[in-house]
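The values are calculated or read from the model by the stated rules, or taken from the named source; none is laboratory data. Bear in mind the structure is a predicted one, so any value in this text is a computation, not a measurement. We place every Cβ from the backbone using ideal geometry, glycine too, and count neighbours over all the protein chains shown. Just the protein is used for accessible areas: all its heavy atoms, side chains included, with ligands, DNA and RNA removed. Shrake-Rupley method; radii C 1.70, N 1.55, O 1.52, S 1.80 Å.
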Amino acid sequence: MDRMQDIESSDREVAEIIKKEHNRTEEGLEMIPSENFVSKAVLQAMGSILTNKYSEGYPRKRYYGGNQFIDEVETIAIERAKKAFGVPHANVQPYSGSPANLAVYAALCRPGDVIMGHNLPDGGHLTHGWKANFTGQVYKSVPYHVKADGYLDLEEIRSLAEEHKPVLMWVGATAYVREFPFEEFAKIADDVGAYLAADIAHISGLVIAGVHKSPAKYAHIITTTTHKTMRGPRGGMIMVTQKGLDKDPELATKIDRAIFPGLQGGPHDHTTAGIAVALHEALQPDFKEYAAQVVKNAKALAASLMKEGIKLVTDGTDNHMLLIDLTPFGKGHGVFVQEALDEANITTNKNTIPAEPLSPFYPSGLRLGTPALTTRGMKEPEMEQIGKWIATVIRETKAYALPASKPEIPGYLKAFKEGIKGNKTVHDVRAQVVALCKKFPLYPEFDILH
Ligand SMILES: *Cc1c(COP(=O)(O)O)cnc(C)c1O
């Protein structure tokens with residue numbers, strides 16, 4: 001892309017870094033379930049001159065002049081979002097998923113109000129009331145949990161809601177491999193008079209494609225990122241459903257005001273354009289196939305891993321994501337496996353598991369997913385192979401165990417890293433990973449840089 005050539009000649013340092021990151025993504029398996037690869041069309045919208053404009057406000061209600069075309073692009077993004085999710089109102093200005101969630105609080109809650117969300121070590125998001133997050137400090141957070149089997153504990157959720165009478169309840173998570181029971185959540189929220197916000201950051205692409213149930217009929221508000229399974233630029237959106245407007249006719253206005261002027265200044269118009277392009281893509285028939293393949297791939301990967309004797313939380317998946325339970329290899333083993341897989345060019349993230357026996361710093365699980373690999377064109381045969389490689393690498397970490405005494409951990413991890421860097425089996429896997437990746441090029445036009 002000629003835009004890269006300009007960086008090359010004007011700023012070699014940054015151009016080199018982009019090149020290295022490009023190589024890393026071309027030659028590795030990107031399996032962090034919250035990541036994806038955007039289309040060239042989305043990249044071009046993101047890299048467009050729309051980044052230059054200030055447009056505080058909303059279409060036809062701006063504080064600056066010269067916004068006639070920005071109004072057009074934001075209106076298109078809004079209309080496409082409404083169509084994609086079947087909702088009467090959408091705000092496409094949140095800078096990302098976390099600010100979108102903050103705006104929901106700002107619109108509906110006062111400091112000290114009771115809110116309920118999915119506990120972070122059980123797979124929830126920071127912004128659903130975790131104690132280290134602003135939302136856990138300003139509001140009275142009542143977290144709910146998953147059962148030891150990994151499924152949401154609806155009985156606990158009902159009894160906590162009846163006891164604490166939250167103003168706002170969240171459904172949605174960042175590490176949950178089963179379909180969300182939106183309908184059951186709605187019954188509980190309706191019974192206690194709470195607003196129900198569905199945070200579908202991870203699964204919004206699956207929802208648009210119809211391969212995961214939509215919360216539109218059940219929740220009052222839907223928030224999402226635009227860069228995960230939706231395959232757009234980094235950004236966020238907030239939708240108000242018909243059910244939300246029926247409960248509170250002012251809800252759309254409250255949300256819009258919470259974003260601007262409540263929390264944000266000028267929207268990122270180049271991102272808005274990227275979101276519009278991504279939504280257009282997500283509304284095409286081939287995106288349905290893509291999303292269906294994401295889930296088929298996750299199921300194929302799960303089957304392959306389980307055949308290799310690897311334990312999965314809930315013994316499988318309904319969506320794009322898998323959680324490996326590494327406790328058979330020792331508590332806190334996620335640290336070793338993430339590192340060893342990195343050495344094999346397989347990118348994943350260590351994660352807590354239900355009833356985590358150690359801590360979020362040294363968790364006992366590994367989270368991985370298939371959205372990015374599916375964008376590259378990989379299918380079930382590749383998933384089966386990748387499952388075998390991952391199992392091979394996991395077995396190479398078997399001899400390691402986290403020291404019980406905390407001060408010994410950093411030194412031990414350093415020695416482990418050295419050991420893994422010299423591990424021939426892991427490097428054999430890496431060579432095969434690179435060979436596979438070469439068959440599925442991502443952005444070949446960047447090759448002019450090499
Ligand atoms: C990723 C995620 C977010 C936050 O998105 P950012 O863009 O990283 O701020 C919020 N909620 C859930 C459930 C997520 O998975």
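Remarks
- Segments classed as strands (runs of 3 or more DSSP E), wholly inside the stretch 319-391, with at least 3 members that are open to solvent by 20 Å² or more (accessible area, probe 1.4 Å): 349-351
- Scanning the stretch 139-181 for residues that are farther than 27 Å from G316 by Cβ, open to solvent by 40 Å² or more (accessible area, probe 1.4 Å) and not in a strand (DSSP E or B) turns up S159, E162, E163, H164, K165, V167.
- Boolean, L251 is away from the ligand (no atom under 13 Å from the Cβ) and touching a Pro at 6+ places or on another chain (Cβ under 7 Å): no
- Given (1) in contact (Cβ under 8 Å) with a residue 12 or more places away in the chain; (2) not in a loop (DSSP other than H, G, I, E, B), index of the condition E289 fails: (1)
- Each residue in the stretch 146-174 was checked for being more than 16 Å from the ligand (Cβ to nearest atom), of a type in the set (G, A, S) and out of contact with any Pro (no Cβ under 9 Å at 6 or more places or on another chain), and 2 of them qualify.
- Selection of the stretch 190-211 for residues being touching a Phe, Trp or Tyr at 6+ places or on another chain (Cβ under 8 Å) and more than 21 Å from N91 (Cβ to Cβ) yields only A209.
- If you go through the stretch 86-98 and keep only what is buried (at least 21 other Cβ atoms within 10 Å of the Cβ) and away from the ligand (no atom under 16 Å from the Cβ), you end up with V87, A90.
- Counting only residues that are more than 9 Å from T224 (Cβ to Cβ), part of a strand (DSSP E or B) and open to solvent by 10 Å² or more (accessible area, probe 1.4 Å), the stretch 189-211 holds 1 of them.
- Scanning the stretch 381-401 finds one or more residues that are free of Cβ contacts under 8 Å to residues at least 40 places away in the same chain and more than 29 Å from T174 (Cα to Cα).
- Flag not set for K417, criterion: farther than 30 Å from I203 by Cβ and either touching a Gly at 6+ places or on another chain (Cβ under 9 Å) or not in a helix (DSSP H, G or I) (or both).
- On the stretch given as the stretch 274-303, residues that are open to solvent by 10 Å² or more (accessible area, probe 1.4 Å) and under 30 Å from I394 (Cα atoms) total 8.
- Single residue of N101, N133 found to be within 30 Å of K61 (Cβ to Cβ) and within 15 Å of the ligand (Cβ to nearest atom): N101
- Flag for V426 being in a helix (DSSP H, G or I) and touching a strand residue (DSSP E or B) at 6+ places or on another chain (Cβ under 7 Å): no
Residues are listed down the side, and each one gets a yes or a no for (1) under 17 Å from H270 (Cβ atoms); (2) part of a helix (DSSP H, G or I):
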position	(1), (2)
G66	yes, no
I70	yes, yes
I78	yes, yes
K83	no, yes
Q93	yes, no
L102	no, yes
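- Subset of the stretch 226-243 (residues that are of a type in the set (S, T, N, Q), open to solvent by less than 10 Å² (accessible area, probe 1.4 Å) and more than 10 Å from the ligand (Cβ to nearest atom)): T229, T241
- Scope the stretch 24-45; condition part of a helix (DSSP H, G or I) and open to solvent by 60 Å² or more (accessible area, probe 1.4 Å); matching residues: R24, K40, Q44
- Selection from the stretch 193-225 of residues that are more than 15 Å from the ligand (Cβ to nearest atom) and closer than 20 Å to E289 by Cβ: I208, A209, G210, V211, K213, S214
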